[in-house]
1. If you go through the range 459-478, how many residues are open to solvent by 70 Å² or more (accessible area, probe 1.4 Å) and in contact with a helix residue (DSSP H, G or I) (Cβ under 8 Å, 6 or more places away or on another chain)?
2. Out of Val638, Val610, which single residue is touching a Lys or Arg at 6+ places or on another chain (Cβ under 8 Å), closer than 24 Å to Ala47 by Cβ and not in a loop (DSSP other than H, G, I, E, B)?
3. Examine the range 70-92 for a residue that is open to solvent by 20 Å² or more (accessible area, probe 1.4 Å), assigned to a helix (DSSP H, G or I), at pLDDT 95 or above and closer than 30 Å to Leu609 by Cβ, and state whether such a residue exists.
4. Would you pick out the residues in the range 254-297 that are within 15 Å of Ala231 (Cα to Cα), out of contact with any helix residue (DSSP H, G or I) (no Cβ under 6 Å at 6 or more places or on another chain), open to solvent by less than 10 Å² (accessible area, probe 1.4 Å) and modelled with pLDDT under 95?
5. Please count how many residues of the range 289-310 are farther than 22 Å from Met406 by Cβ and either of a type in the set (S, T, N, Q) or not in a loop (DSSP other than H, G, I, E, B) (or both).
6. Which one of Gln549, Gln584 is in contact (Cβ under 8 Å) with a residue 40 or more places away in the chain, on the phi < 0 side of the Ramachandran plot, polar (S, T, N, Q) and outside any loop (DSSP other than H, G, I, E, B)?
7. Just for the range 624-654: of the residues that are buried (at least 24 other Cβ atoms within 10 Å of the Cβ) and β-branched (Val, Ile, Thr), which one is nearest to Ala598 (Cα to Cα)?
8. Pick out the one residue from Ala119, Ala102, Ala133, Ala48 that is aliphatic (A, V, I, L, M), open to solvent by 10 Å² or more (accessible area, probe 1.4 Å) and farther than 22 Å from Thr233 by Cβ.
Amino acid sequence: PHPQPQPQPQQQIGANLGGRRAAVFLQLGYIELWQELLECATHVVAAAPTWYIIDVYASVLTCDDTAECGSRAESRERVMRDLGQLRGIDHLEVSLFENMGADVGHFLKQVSGVVARGAHYDVLLKMHTKGDAVWRQRGIESLCGTSAQVRSVWQEFAVHAELDMIAPLGTTFGPLTKTNNIFPHIVRKYNWTNTRLAFAPKTLQEMTRILRILEPDTHGKIRKKDLTVVAGTMFWVRGSAIPMKALANALPELEKSFTRGYRADQGPEHAIQRLFPTMIRSRGRRVAEMPPAPKVIALYFPQYHRVPENDRFWGDGFTEWTLLKPFNATGIHKPLAIERGGLGYYDLMDVNVRRRQGELARTHGIHGFCYYHYWFTGSASAPNHKVMYKVPEALLRDGQPDVPFMLSWANEPWFRKWTGGGEELLRHDSLLLTQEYGNESEWREHFEYLLQFFKHPKYIRIRGEPAFAIYRIGHIGSKLKPMITLWRELASHAGLPGLHIINTIGNFYRADAATESLEATAGLDASFHFWPQLLGSSFTVGSRTASIQDIPVHAPIQYWGFATGFDRRPRVPSTAYRLSVSAQQLREGLACSFAHMAHLPAREVGTNLVFATAWNEWNEQATLEPDDVNGFGYLQAVSESLSSVPSRTFGHETPDLKAVCR
């Protein structure tokens with residue numbers, strides 16, 4: 001095995017938390033959504049050090065008729081079986097409960113069982129299968145979207161002694177909270193102009209009644225400034241912040257008034273939902289929120305094996321290494337030698353190289369790769385349209401690298417200069433491969449080729465829709481909208497719920513005249529920040545390493561990004577512009593980026609993809625792979641940053657981030 005440094009030890013995070021026990025409470029009102037909460041529980045277990053005790057309590061609805069009873073019992077057994085396969089769970093209970101009091105009612109029954117067995121926990125996670133998919137995704141991604149995110153939550157509890165509860169970003173509010181500090185989906189769902197409706201007189205009356213039962217000494221008094229709700233009732237909380245014994249003792253009285261079935265609001269379960277954070281704040285303790293877990297997608301350049309077109313255009317055996325190996329100049333990084341734990345000058349047709357790339361990515365928290373996809377049409381296009389296709393096709397055969405993946409269509413024509421081609425290069429003698437985008441039959445052919453990737457179990461999907469990026473939509477022009485429309489139809493016929501089409505925002509956003517209008521009219525779903533090209537755009541980005549804000553474009557969803565550097569001298573020695581980023585500067589840039597994420601609840605992201613430039617752009621000096629200057633420094637910086645995502649304190653929506661963003 002190759003030696004390699006490890007990310008931040010999990011043991012240290014567990015030790016800093018000040019305890020050894022955590023519990024996960026799952027309420028499965030919609031059993032068909034079980035897989036999503038199973039993944040959540042899996043991340044919690046994976047985040048814990050080996051000596052940390054994790055207990056899991058799950059509930060499944062009982063039934064009212066014999067036919068339904070059989071399926072419910074089978075569901076319980078399935079949940080028990082799936083959780084039982086997770087190594088690291090110390091105590092497991094899966095209960096059948098009536099549909100009373102919704103998820104809150106089930107949680108109180110679970111708490112009562114915990115009290116009966118005398119268990120105590122340092123932290124608890126409460127999650128349920130909320131029927132609203134967008135809201136549910138915000139909860140899961142923020143609280144347990146990755147194992148690194150779980151470690152970030154624990155780190156927040158460890159660092160901030162006054163912190164008692166952590167909720168998903170934009171779900172915590174009081175009667176005076178401005179709607180721009182709430183997740184926009186929630187505001188739209190209830191058509192709110194203010195949040196006072198969430199604290200109707202009937203709800204406040206019920207909160208007072210229940211508080212008198214739980215804490216008789218308070219006489220049920222609640223100060224208006226303490227009124228708080230975590231909408232959706234998904235949260236992490238210290239065990240000491242929940243009055244577990246009082247809740248268990250009060251359960252027989254409380255469940256008398258629980259709602260049977262579903263009730264939108266103003267039931268006793270909704271009063272209890274509001275009491276959890278309200279009681280915490282009444283004691284002068286803190287409630288905070290976490291942004292959705294950053295999921296780093298590293299852009300992956302496949303030109304590290306022989307390609308017929310490159311042999312023809314540049315000489316036999318040409319790869320990226322042909323330019324880098326002999327090039328020596330100050331500041332140029334080269335691959336870390338295999339003997340030192342690196343990958344060396346590899347050939348991507350070697351499955352062991354790709355396997356090790358996947359291992360490095362997983363070990364350091366890289367969520368997945370975005371492979372550049374090359375498809376050409378026109379009079380001088382490639383046979384069968386495709387070029388540099390062997391790496392993603394090899395992945396379909398052998399499964400390596402074994403990480404989630406997606407494709408980005410690098411849709412520029414190829415010229416004899418490494419520029420992507422502008423109008424000044426459109427000369428017949430400089431054109432190598434044409435890109436004319438064809439007609440409907442060619443769009444169908446292109447989609448049929450892509451479908452094999454879209455259906456792969458590791459392909460990255462956003463709410464079930466395969467994600468597909470396009471490098472320069474401005475090149476496609478008027479053909480973009482009908483092409484995407486056809487692809488969506490074909491996706492539906494193929495059994496897919498749709499496609500998640502992502503534009504790339506770089507320095508060509510303004511240069512390609514059609515880009516802005518196409519982004520607004522062609523039916524795109526999102527855009528991603530392509531660093532460091534973003535620095536050369538006309539947009540104000542406020543950073544030199546990583547995104548810290550959305551930019552004024554038409555895309556409803558913006559995925560942020562970061563870069564590890566940029567230096568094109570191996571390709572063009574006369575290049576003047578260079579961006580040098582050390583591992584420490586990357587760490588600081590990510591800390592600043594993640595801090596801003598935590599304070600922007602209005603961002604319309606569910607799955608919080610963060611695009612890294614790049615995994616292996618060696619001839620642009622943009623790499624995460626180990627190099628001979630930084631070693632594993634970039635990967636370690638990413639790993640440590642992903643386990644240190646900060647929270648934002650409810651009630652402090654406009655903090656000074658200067659201390660983080662130096």
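1. Adding up the residues that qualify gives 1.
2. Residue meeting the stated conditions: Val610.
3. Yes: one or more hits.
4. Gly267
5. Adding up the residues that qualify gives 5.
6. Just one listed residue meets the conditions, Gln584.
7. It comes out as Val645.
8. Result: Ala48 is the single residue among Ala119, Ala102, Ala133, Ala48 that is aliphatic (A, V, I, L, M), open to solvent by 10 Å² or more (accessible area, probe 1.4 Å) and farther than 22 Å from Thr233 by Cβ.
The values are calculated or read from the model by the stated rules, or taken from the named source; none is laboratory data. Here the structure is a predicted model, which means the values were calculated and not measured. Positions of Cβ are backbone-derived with ideal geometry, glycine not excepted, and every protein chain shown enters the neighbour counts. Accessible surface is based on the protein model in full, side chains and every heavy atom, while ligands, DNA and RNA are left aside. Shrake-Rupley method; radii C 1.70, N 1.55, O 1.52, S 1.80 Å.
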